[in-house]
Amino acid sequence: MLEAQVFQRLGDFTLDTSLAVPAEGVTALFGRSGSGKSSLIRLIAGLEAPETGTIRLGDTWLMDTQRHLWVPPHRRQLGIVFQEARLFPHYSVRGNLRYGMPRAARADFDGLVELLGIGHLLSRTPGLLSGGEARRVAIGRALLSRPRMLLMDEPLTGLDGARKQELLHYIRRLARDTGVPILFVSHDTREIGALADRVALIEEGRVMASGPVDEMFARFDLGPRTGRFEASSLLEARIVAHDEALCLTRLVLPGMTEGETLSVARLEGAVGDTVRLRLRARDVGIAPSWTPPLPDFACIPATLREIGDEAHGPFVEVMLDVGGQALRARLTREAVDQMGLRAGQALQARLRSVTISRHDVIVM
Amino acid sequence: MLTPLEWEALALSLRVSGVAVAVILLPGLGMAYVLARFDFPGKTLLDGIVHLPLVLPPVVVGYLLLVSLGRQGTLGHWLHETLGVSLPFTWQGAALAGAVMAFPLLVRAVRLSLESVDRKLEEAARTLGASRWKTFLTVTLPLILPGLLTGSVLAFARSLSEFGATITFASNIPGETRTLPLALYSLVQTPGKEAAAARLCVISVIVALIALVASEWLARRARRRLEGRHA
């Protein structure tokens, strides 16, 4: 568990916040650029000192201005992955990886190199690596220093779509296989949806809200911050079958009627695996519960929990309950009136297969 | 090929300049680090003092050395009394004169390369468990190596060509302080030694050229290693 409570003025910007990061899983620090994310990371890493504050990692105090306590960055046992990979140009990839590696971590070397897929790069010099390769080496280097927590400052910035997906995949494996807790800075809700277990939302130098990622995604009040157009919900589902001939994977969501499935493009996971689905509110349809099924749409019985209070404009967001999970849907104000929607009403949520891309389904 | 007198002057020159560079290497590195990385009151003044030998007439520097380090000078008196060391009119004194004259060149070169080091790399090293000292040795120093090499060769060359401060502080004693430029000067002063003077002149040019080519080669090698092409 990392707990920080800091106050720092930087010109006319003030960082004044507290942050708690649990000792397991991936926590995302989400905010726009200029919201203070990177400053907060630098304070935690000990690269800057706040005017006042305390930072504690587990039962170790890293800093306490009142008690004049200061642990220098090299003794904080935190692994930092910066936005730029920051590899040392005068060492080979192997030299970079070994830079902060204590004797005790030698046994981890081969496994981690394999996990990150950088075995073929070991004798290269960093100047010859692609962006994605350099980031992976930087992640490996940070992890081999045996950190108690890994802090990543927008490690996916500047990578193209495919590289980004690849790196996301590696980070997800790390979080699962190494057990090192990760604090992940991002301004991209898609990255967060794919990676995070928890989200802390930072705005103008203050963490405004934090909680499990599905709950945070389901909060209307955070809509303006997370972006309405991309507003989405995260739902868990289970793989029940693959159809090789049709290149489809069939998923079942909790609350679905027996025999009903949601078909998506063929996934890597095995039957029985749990997946996390990111469903954009604008892709979720609502119909009265008696409407007959349609091909290519999966129907899930849903209860209307709440209607958003956007007073103006053509669209309204509603929150549905499907099998205990929160599902956001976006529809026109006109449709709300026509269906006479009100809280507590039994409805049908409709998910259209082709709106769900491979990147929206993460095998856990 | 070389006459005993030429050998003497050449060997002395190389020894004096080598010692001069060796003496200023660490202080120069430290001074460059302080000037490149810290801000403090009086920094401009310190910077000025370091660069003074570059703009002062060398004879003035030699004179100042003589005044402060001669037997009558406070520092010189103390050195002689406590350590039994006397610098004027010795080859060590010639080395000191060369060192003082070469110091600003070394500091400038190292400072420039220190200022071009990406501080973010040093930060990365700190977060990987390296103390300030280890960071300097494993990241900063290798990165400024080309600048340090260039600076050292410049300093060596400057010391090799030193004349005014040397003749003022260490005099022109054959076998002790008569370096190449001083030997050349003595020959030019002697009627009928024109040919010998010309030979010394050629030797000086060759030594200087070798130093420059060697430094360029070393610096290029170091840079190539940094850029990731195989050296």
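Contour minus end-to-end for A:Q338 and A:A49, with contour as 0.36 nm per residue of separation and end-to-end as the Cα-Cα distance?
Numbers: separation 289, 0.36 × 289 = 104.04 nm, distance 5.78 nm.
Between A:Q338 and A:A49, full extension yields an extra 98.3 nm.
Using θ = phi - 60° in the Karplus curve 6.51 cos²θ - 1.76 cosθ + 1.60, the 3J(HN,Hα) couplings for region B:118-123 round to 6, 4, 4, 5, 5, 4 Hz; x is entered for Gly and Pro.
Peptides B:176-183, B:22-29: what's the order by average Cβ count within 10 Å, highest mean first? If you can, show how the numbers build up before the last one.
On the way: B:176-183: 23.8, B:22-29: 18.0.
Result, highest mean Cβ count within 10 Å first: B:176-183, B:22-29.
Just flag the GluC sites (Glu not before Pro) in region A:245-337 sitting in loop per DSSP whose Cβ has no more than 13 other Cβ atoms within 10 Å. Please list the in-between numbers first.
Working: sites: A:E258, A:E260, A:E268, A:E306, A:E310, A:E317, A:E334; in loops: A:E258, A:E260, A:E268, A:E310.
Those that pass, being in a loop and sparsely packed, are A:E258, A:E268.
What average count of beta carbons from other chains do you get within 10 Å of the Cβ of residues in B:128-136?
Average per residue, whole number: 5.
The helix-based estimate of mean residue ellipticity at 222 nm for chain A, built from -39,500 (n - 2.57) per DSSP H run of four or more residues and divided by its residue count, is -6000 deg cm²/dmol to the nearest 500.
Nonpolar atom fraction for region A:232-363, defined as the carbon and sulfur part of the 1.4 Å probe accessible area, stands at 53 percent. Accessible surface for A:S289 stands near 70 Å², nearest 10, in the context of the full protein assembly shown (1.4 Å probe). For peptide A:80-92, the mean count of partner chain Cβ atoms within 10 Å of a residue's Cβ comes to 5.
Report the extension gain between A:R206 and A:E258 in nm, rounded to one decimal, defined as 0.36 nm multiplied by the number of residues separating them, less their alpha carbon distance.
14.1 nm
Measuring r between the beta carbons of B:E216 and B:L75 and using R0 = 35 Å, the FRET efficiency lands at 0.35. When all alpha carbon pairs of region A:2-217 are counted in 5 Å bins from zero, the resulting P(r) reads 1, 7, 16, 19, 20, 16, 12, 7, 2, 0 %. Geometric descriptor of region A:232-363, per residue, is 103 Å³ (volume of the convex hull of the Cα atoms).
Counting Lys +1, Arg +1, Asp -1, Glu -1, what net charge surrounds A:F109 among other residues with beta carbon under 13 Å of its beta carbon?
+3
When each of the peptides B:117-127, B:38-48, A:143-153 is scored by the mean number of other C-beta atoms lying within 10 Å of its residues, the order from highest to lowest reads A:143-153, B:117-127, B:38-48.
Ordering A:F184, A:F297 by accessible area with a probe of 1.4 Å, largest first, what comes out?
Working: A:F184 0, A:F297 70 Å².
Result of the area sort, largest leading: A:F297, A:F184.
In straight-distance terms, cross-link reach from B:K120 covers every one of the lysines whose alpha-carbon lies under 29 Å from its own, apart from those fewer than eight places away in the same chain; here that gives A:K37, A:K164, B:K43, B:K134.
Interface area, chains B and A: about 1900 Å² of buried accessible surface, summed, with a 1.4 Å probe and ligands, DNA and RNA left out. By a 1.4 Å probe calculation restricted to protein chains, B:K134 has an accessible surface near 80 Å², given to the nearest 10. With the simple spin-label model, which puts each label point 7 Å out from Cα in the Cβ direction, the B:Y63 to A:A265 separation comes to 8.4 nm. A Stokes-Einstein calculation at 10 °C with viscosity 1.306 mPa s, built on the Kirkwood radius of region A:1-130 over Cα pairs, returns a diffusion coefficient of 93 µm²/s. Legend: mean number of C-beta atoms from other chains within 10 angstrom of residue C-beta atoms, peptide A:61-74, equals 2.
Which net charge results when you count Lys and Arg as +1 and Asp and Glu as -1 among the other residues whose beta-carbon is under 9 Å from that of A:A138? Before the final figure, lay out each step's value.
Details: positive: A:R86, A:R135, A:R136, A:R141; negative: A:E84.
Charge balance near A:A138 sits at +3.
Rounded to the nearest 5, what is the percent of antiparallel bridges among the DSSP beta bridges in the protein assembly as shown? Roughly 80 percent of the DSSP beta bridges within the protein assembly as shown come out antiparallel. From the Kirkwood radius over Cα pairs of chain B, Stokes-Einstein at 20 °C and 1.002 mPa s returns a whole-number translational diffusion coefficient of 111 µm²/s.
Scattering from chain A was approximated by placing one identical point on each alpha carbon and applying the Debye formula without solvent; log10 I(q)/I(0) at 0.06, 0.09, 0.10, 0.13 1/Å stands at -0.27, -0.58, -0.70, -1.07.
Taking label points 7 Å from Cα along the Cα-to-Cβ direction, A:D243 and B:E176 give a separation of 10.4 nm. Taking every protein chain into account, the accessible area of the protein assembly as shown amounts to 48 square angstrom per residue (probe 1.4 Å).
Between the beta carbons of A:D64 and A:D273, assuming R0 = 51 Å, the FRET efficiency works out to 0.70 to the nearest 0.05.
Based on the Cβ-Cβ distance of B:L52 and B:E115, what FRET efficiency does E = 1/(1 + (r/R0)^6) give at R0 = 25 Å, to the nearest 0.05?
Approximately 0.75, to the nearest 0.05.
Using a probe of 1.4 Å on the protein chains alone, the accessible area found for A:R330 is around 50 Å².
The values are calculated or read from the model by the stated rules, or taken from the named source; none is laboratory data. Only a predicted model underlies this, so the values are computations on that prediction, with no experimental measurement involved. Quick reminder, even Gly has a Cβ in these numbers, built from the backbone with ideal geometry, and neighbours come from all protein chains shown. These area figures cover heavy atoms from the full protein model, side chains too; ligands, DNA and RNA do not enter into them. Shrake-Rupley method; radii C 1.70, N 1.55, O 1.52, S 1.80 Å.
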